[in-house]
Amino acid sequence: RGGGPMNMLNKNESLQQRAEERRHLRLQQDGIVNDGRGTQGGGGGGGGKEGEQSLVKMKVDESHIISEKYDGMICILRGKSPRGDFGHVVVARYVAASASDEKFEMLHDPHPDGTFLDVSEAYGWCMFFL
């Protein structure tokens, strides 16, 4: 009945694709994405051809509350560099249910010293890829 390794691979890819389509549909219904061709929500870039990933870019400050819908999602976070008076970006995870005021878990700093962002100043924006 064709139960070889290639058939299993195709079945797994199909299941992954369907799961991603369901996730995208949920986000679309929540008004977070608009059919994979652009962005909605906190403003920001995106656009592009159909099939490209969508993104949501939003300010990170007291006047902008990030929805719990993004809880656990990885983003690019922009803030002040700890090495000087200029901006820097890192990879972080948004943690809505954090017990502290810090809502981002730092995951990766592209700079070799790995000092992430200067926490004495507010972050500028974050960008989620959907």
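The values are calculated or read from the model by the stated rules, or taken from the named source; none is laboratory data. Nothing here was measured: the structure is a model prediction, and the numbers come from that model. Cβ coordinates were reconstructed from backbone atoms using ideal geometry, including for glycine residues, and neighbour counts include every protein chain displayed. Keep in mind that these areas ignore ligands, DNA and RNA; they rest on the heavy atoms of the full protein, side chains included. Shrake-Rupley method; radii C 1.70, N 1.55, O 1.52, S 1.80 Å.
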Filter the stretch 100-109 down to the residues that are part of a loop (DSSP other than H, G, I, E, B) and modelled with pLDDT under 95, then identify the one that is farthest from MET58 (Cα to Cα).
SER100
Across the stretch 45-62, what is the number of residues that are exposed (fewer than 12 other Cβ atoms within 10 Å of the Cβ) and modelled with pLDDT of 90 or more?
0
So which residues in the stretch 81-99 are open to solvent by less than 60 Å² (accessible area, probe 1.4 Å) and not in a strand (DSSP E or B)?
SER81, PRO82, GLY84, VAL95, ALA96, SER98
Just give me the residues in the stretch 63-80 being open to solvent by 70 Å² or more (accessible area, probe 1.4 Å) and either closer than 13 Å to MET127 by Cβ or touching a residue at least 12 places away in the same chain (Cβ under 8 Å) (or both), in sequence order.
HIS64, GLU68, LYS69, ASP71, ILE74, ARG78
For the stretch 100-130, give me the residue count where each residue is of a type in the set (A, V, I, L, M, F, W, C) and surrounded by 16 or more Cβ atoms within 10 Å (Cβ to Cβ).
9
